[in-house]
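Heads up, the thing below is written out as structure tokens.
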Amino acid sequence: MSVDDRMTRRIHRSVWAREREQSPVMRGPAVYVLAAGTVAVLGLNWPIMAHGVDLVPPLWLAAFRMAGAAFVVGALMLPRGAGVPPREDRAILWSVGLVRLSLVTALVFSALEFVPPGRSSILVYTASLWTVPLAVAFLHERLTWLRIAGLTLGSLGVVLLLEPWTIDWNDTALLAGLGMLLLAAIANASTTVHIRAHRWSGTPLELMPWQMGIAAIPIAVIAAAVEGMPEIRWTAATVAVVAYQILLASAFGFWGLLTISRSLPAITTNLTLMAVPVVGLASSVPLANEPLTVAVVVGLLLVLGGVALGFASDRRREEEPPLPG
């Protein structure tokens with residue numbers, strides 16, 4: 001190695017280390033603990049959402065979720081004096097608010113009227129399949145052999161979990177629900193890449209009230225037009241479902257998603273989030289009476305294996321900064 005090459009490597013290492021120190025992201029074991037907690041909360045939410053749409057009209061439940069979370073997170077941010085989002089974050093504000101939150105949430109809640117919660121969670125989190133070409137094309141992420149192996153295992157696991165051979169392809173309502181979930185998956189993948197690529201000025205917590213407020217408005221307008229004014233019987237179960245949507249699935253869950261998306265590579269993020277349908281399907285077996293077949297068990301193991309390989313790839317890349325060019 002020449003003197004110039006050694007000098008270039010040292011400069012690159014220094015810049016890389018300084019960027020890591022200055023980047024407002026989560027590093028080390030903490031991000032993996034957060035990922036595990038976020039996966040558990042979001043996975044368990046699928047059977048809860050399926051029960052919730054029987055208690056509250058789907059679009060109104062989505063509107064309550066977004067508006068309630070915006071209020072809660074906004075109240076938490078008041079002591080910190082968080083004001084209007086900086087101009088540099090306006091693009092991510094609209095992208096996440098309108099696409100990741102408004103569009104995806106409305107599609108998911110509507111689809112749950114036709115598709116069982118376990119299978120719904122599987123379809124939404126096929127976002128990892130769509131993220132790979134987007135991350136390679138726009139973020140120049142490398143497909144290491146560990147990531148390729150993880151993606152292959154995870155994808156095969158998703159197919160087994162979905163069990164397409166059991167689907168009634170003549171059921172138009174079911175097919176409409178599946179289409180909504182597929183569109184939600186593509187939207188999720190696009191915003192994951194945008195979140196990773198965006199140069200953040202504020203923190204996810206500072207932007208969350210604005211993003212959720214932006215999401216709540218179009219959902220509420222569409223809900224009023226499509227479902228009319230809701231007639232809701234506010235029982236303890238109804239309050240519990242709505243509270244879970246606001247406090248855990250939205251306030252905590254979305255903060256976790258944004259933090260993970262900023263802290264891990266886009267491909268690794270989506271490999272990790274493939275564990276959400278594992279929890280969703282596993283919890284739907286006792287809570288929503290979904291069947292547990294051999295294909296489902298094998299699929300769960302394959303998805304978990306794919307997630308583990310994604311983590312291994314990310315840990316290996318953290319040990320050595322990438323060389324320029």
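Where a number appears in this text, it was derived from the coordinates with a stated rule and is not lab data. Computed from a predicted structure; not experimentally measured. All Cβ positions, glycine included, derive from the backbone under ideal geometry; neighbour counts span all protein chains shown.
Projecting the Cα atoms of V296, P209, L183 onto the dipole axis of the stretch 29-319, where Lys and Arg carry +1 and Asp and Glu carry -1 at the beta carbon, places P209 farthest toward the positive end. What shape does the stretch 131-248 have by the C-alpha gyration tensor, where a ≥ b ≥ c are the square roots of the eigenvalues, rounded means a/c under 1.5, and otherwise prolate means a/b greater than b/c and oblate the rest? Because a/c hits 1.5 or more and a/b fails to exceed b/c, the stretch 131-248 counts as oblate.
Relative intensity of the stretch 29-319 on a log10 scale, I(q)/I(0) at q = 0.08, 0.16 Å⁻¹, equals -0.32, -1.33, per a Debye sum over C-alpha point scatterers of equal strength in the absence of solvent. Under the convention that each Lys and Arg Cβ holds +1 and each Asp and Glu Cβ holds -1, the size of the dipole of the stretch 54-153 around its Cα centre is about 220 debye. A simple rule links phi to the HN-Hα coupling: the Karplus curve 6.51 cos²θ - 1.76 cosθ + 1.60 with θ = phi - 60°, which for the stretch 202-214 gives x, 9, x, 5, 5, 8, 4, x, 5, 5, 6, x, 4 Hz, with x for Gly and Pro.
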